[in-house]
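The values are calculated or read from the model by the stated rules, or taken from the named source; none is laboratory data. As the structure is a prediction and not an experimental result, all values here were calculated from the model. Cβ: placed from backbone, ideal geometry, glycine included. Neighbour counts: every protein chain shown. What goes into the accessible areas is simple: the full protein's heavy atoms, side chains included, and nothing from ligands, DNA or RNA. Shrake-Rupley method; radii C 1.70, N 1.55, O 1.52, S 1.80 Å.
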Amino acid sequence: MNRGNGTSTDFTLLGLFPELHYLGILITSVLLIYVIAFTGNAVLVLLIWADSRLHTPMYILLSHLSFIDLALISTTVPKMVINFFSRKKSISKIACGTQIFFFFALAGSECLLLTLMAYDRYVAVCNPLRYSIIMNSRVCLWMALASWGGGALNSLINTIYTMHFPFCGSREIHHFFCEMPAVLKLSCEDTSLYETVVSVICIMFVLLPLGLIMSSYLLIFLAVLRMNSPEGRRKALATCSSHLAVVSLYYGPAMIIYMTPRSFHTSEQDEILSMINTIFTPMLNPLIYSLRNKEVLAALRKVVSRRFILK
């Protein structure tokens with residue numbers, strides 16, 4: 001038996017900062033963030049799909065981003081909270097592999113989707129006359145499918161390969177969820193070659209998309225400087241600045257966790273970075289996009305006013 005009240009084949013999730021005093025306050029705060037993130041993203045998805053004025057490529061892609069964030073935070077936080085309050089830390093190997101799969105599938109999909117959203121903004125600002133032709137509904141659908149499919153395929157390969165390693169000795173995962181680098185530390189085989197492969201994959205899913213995003217926004221910024229309309233310039237900068245805020249919050253921690261050697265960061269630092277990536281970012285995304293977006297706020301006011309009229 002291991003420490004988590006499970007079988008010898010189970011892993012033990014040590015949880016979020018297990019040595020921290022007043023850990024209950026932190027877990028309760030995380031649960032509150034989860035409720036805010038879940039509600040905010042769910043409302044944003046429903047608003048976009050319910051209001052025909054928001055059936056444009058930018059908002060359709062945004063609805064997919066909100067759905068990914070909603071699923072991503074639900075992959076990690078509920079299990080962590082349940083483990084803390086039930087005081088049962090065990091997780092089966094199958095459940096651990098499932099959590100790795102969904103986390104990587106959703107995270108990879110978000111990387112690709114943020115890149116496609118940057119391209120959408122590039123076309124809207126730099127080539128507005130052809131925007132409706134280039135970004136038609138079929139293209140938008142294929143973009144969404146490509147992001148979901150690419151993330152799922154990458155995750156399937158990584159999950160199968162990660163879980164095929166034999167695990168010897170301690171089965172305690174120093175994390176609040178089954179995060180791949182934390183699980184690989186438990187393997188009794190040399191995983192350095194596989195970790196190198198993961199770094200190469202991260203170039204495809206992190207560095208390459210990030211480079212495309214930054215190139216898109218550089219071109220957008222140069223185009224905005226040439227605009228004659230102050231209102232158009234302000235709107236373009238407001239939209240792009242919110243996108244860049246999301247990108248920095250998402251890609252920054254991912255690059256440190258998956259693209260730097262283990263010796264460069266401790267387990268505690270990985271947990272902090274993972275919290276930014278998987279807990280705070282899903283909460284901030286709907287706030288960043290909706291509070292600075294007149295169309296979304298107008299749709300929300302319309303729904304609220306209609307509800308009061310019906311009453």
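Miscellaneous remarks
- Where a residue in region 217-231 is buried (at least 16 other Cβ atoms within 10 Å of the Cβ) and its partner, wherever it lies, is β-branched (V, I, T), with Cβ under 7 Å and at least six apart: I220/V125; A223/V125; V224/V125
- Checked against the criterion of being open to solvent by 50 Å² or more (accessible area, probe 1.4 Å), charged (D, E, K, R) and outside any helix (DSSP H, G or I), the candidates K79, K88 yield just one match: K88.
- Within region 105-127, the set of residues being within 26 Å of P181 (Cβ to Cβ) and open to solvent by 30 Å² or more (accessible area, probe 1.4 Å) comprises L112 only.
- Selection from region 132-151 of residues that are open to solvent by 30 Å² or more (accessible area, probe 1.4 Å) and over 14 Å from S216 (Cβ atoms): S132, I133, N136, S137, R138, V139, L141, W142, L145, A146, W148, G149
- In region 163-180, the residues that are among the acidic types (D, E) and either open to solvent by less than 40 Å² (accessible area, probe 1.4 Å) or under 22 Å from the mean Cα position of the chain (by Cα) (or both): E179
- Residues (open to solvent by 30 Å² or more (accessible area, probe 1.4 Å), within 24 Å of S132 (Cβ to Cβ) and not charged (D, E, K, R)) located in region 40-57: W49, A50, S52, H55, T56
- Boolean, S241 is surrounded by fewer than 18 Cβ atoms within 10 Å (Cβ to Cβ), out of contact with any His (no Cβ under 7 Å at 6 or more places or on another chain) and not in a helix (DSSP H, G or I): no
- Between I256, I213, I160, the distinction of being open to solvent by 50 Å² or more (accessible area, probe 1.4 Å), at pLDDT 85 or above and assigned to a helix (DSSP H, G or I) belongs to I160 only.
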